[in-house]
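For reference, the structure discussed in these notes is given below.
Read-outs: derived from the displayed coordinates by stated rules, not from any lab. Source: prediction; values computed, not measured. Counting neighbours? That spans all protein chains shown, and the Cβs are built from the backbone with ideal geometry, glycine included.
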Amino acid sequence: METTTSQAADKHLHQVQPSQNQTNPSNSLSFDVEGQKQEEQEQLIEVFDYAQRAQWLRAAVLGANDGLLSTASLMIGVGAVKKDVKIMILTGIAGLIAGACSMAIGEFVSVYSQYDIEFAQLKRDGKESKNEKLPSPFQAAVASAIAFAVGAMVPLLGAAFIHNYKVRLVVVIAVVSLALLVFGGLGGVLGKAPVVKSSLRVLLGGWVAMGVTFGLTKCVGSAGI
């Protein structure tokens, strides 16, 4: 009888107390929460990396567009008073070099200021070890100079092999217009804006810039200055 009672008590105790092999719901919930947090952090890192890449690409497209339009406007402006192809090419080369240097220096100073601000913030937060994620002023300067030079090469190549004055102007305007459409479309894609509207806006702006430069330079040349 005592043996039967003891066995019954053991069986009842075994039913009341949870088995050690059973999963603790609180531990499972904690594990799920931690897994979700880790997944969200990974997604945030991916979004941040994509945003950084998009910013760099957009800056490169804008730099190339600036080089394209600035150099083309200079060449067309000089072409309004000087029909010699050598003078136009030299003007374009001078604009390429000056613009690339200006872009590089401006970007270096701007990004270095951003670097100082972000590094100071990391230092205040005690996270100096993460300074490898900070923007590089040297890389930004080189990238801006290269982007500007690439854009400036378009009108230079368009005018380099054409000796007829009128044909040269038409070709330069044509190749620059095509490049403006391409750069405007890329800027729209990277900026999540309508591609057609962005392309047309950049194209019309380029035409205005070239037209104003040509017209004003023509007036100054006609005045005998």
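A Förster distance of 22 Å, applied to the separation of the beta-carbon atoms of Ala98 and Val196, puts the FRET efficiency at 0.10. Here the residues Val61, Val212, Val195, ranked from fewest to most Cβ neighbours within 10 Å of their Cβ, fall in the order Val212, Val195, Val61. Across the range 143-154, computed HN-Hα scalar couplings (Karplus, 6.51 cos²θ - 1.76 cosθ + 1.60, θ = phi - 60°) run 4, 5, 5, 5, 4, 4, 5, 5, x, 5, 5, 5 Hz from first to last residue, x flagging Gly and Pro. Between Ile162 and Ile105, residue separation times 0.36 nm minus the direct Cα-Cα distance comes to 17.2 nm. Between Ala174 and Ile117, the distance separating the two model label sites (each 7 Å from Cα on the Cα→Cβ line) works out to 4.6 nm. Placing +1 on the Cβ of every Lys and Arg and -1 on the Cβ of every Asp and Glu, with nothing else charged, gives the range 63-222 a dipole about its Cα centre of roughly 500 debye. Listing Ile76, Ile117, Ile97 from fewest to most neighbouring C-beta atoms within 10 Å gives Ile117, Ile97, Ile76.
The distance between label points at Lys86 and Val212 comes to 3.3 nm (points 7 Å beyond Cα on the Cα→Cβ vector).
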